[in-house]
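Laboratory data are not the source of any read-out in this text; all were calculated from the coordinates shown. The shown structure was predicted, so the numbers you read here are calculated from the model rather than taken from an experiment. With ideal geometry, Cβ positions are generated from the backbone for all residues, glycine too; neighbour counts draw on all protein chains shown.
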Amino acid sequence: MSERIFVKPVGDLKVYNPRTARFISPSGEWVKNSQYWSRRLADKSITVHETAETKPDAKIKKPKTSQDANIEKPKKNEETIDTPAPGESVIKKKSKKK
């Protein structure tokens, strides 16, 4: 089993994580220990920490709700489209009650 380490970029450096194809967060991330991270440590781009440390005043982002994302719900008697199977096209209309 491979060891995981918690790394943080030094100063304002942006350090690329090849596994996620994005830069690591300034507050740090858990990564799989590899030659890549050993080289980043050797060139002093990152620091390794024992645990994930969070600042007490760090802002935690709330997940977006449908209201925050401005997602519109279908209106009554409006056509709705189901996700079709490959090669199919399905359009349904809500039937009116008699």
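Brief remarks on what is shown
- Loop-located trypsin sites (Lys or Arg not before Pro) in segment 1-33, at most 12 other Cβ atoms within 10 Å (DSSP): LYS14, ARG19
- Tensor-based shape of segment 4-49 (alpha-carbon gyration tensor, a/c under 1.5 rounded, otherwise prolate or oblate): rounded
- Least to most buried among PHE23, PHE6 (fewest other Cβ within 10 Å first): PHE23, PHE6
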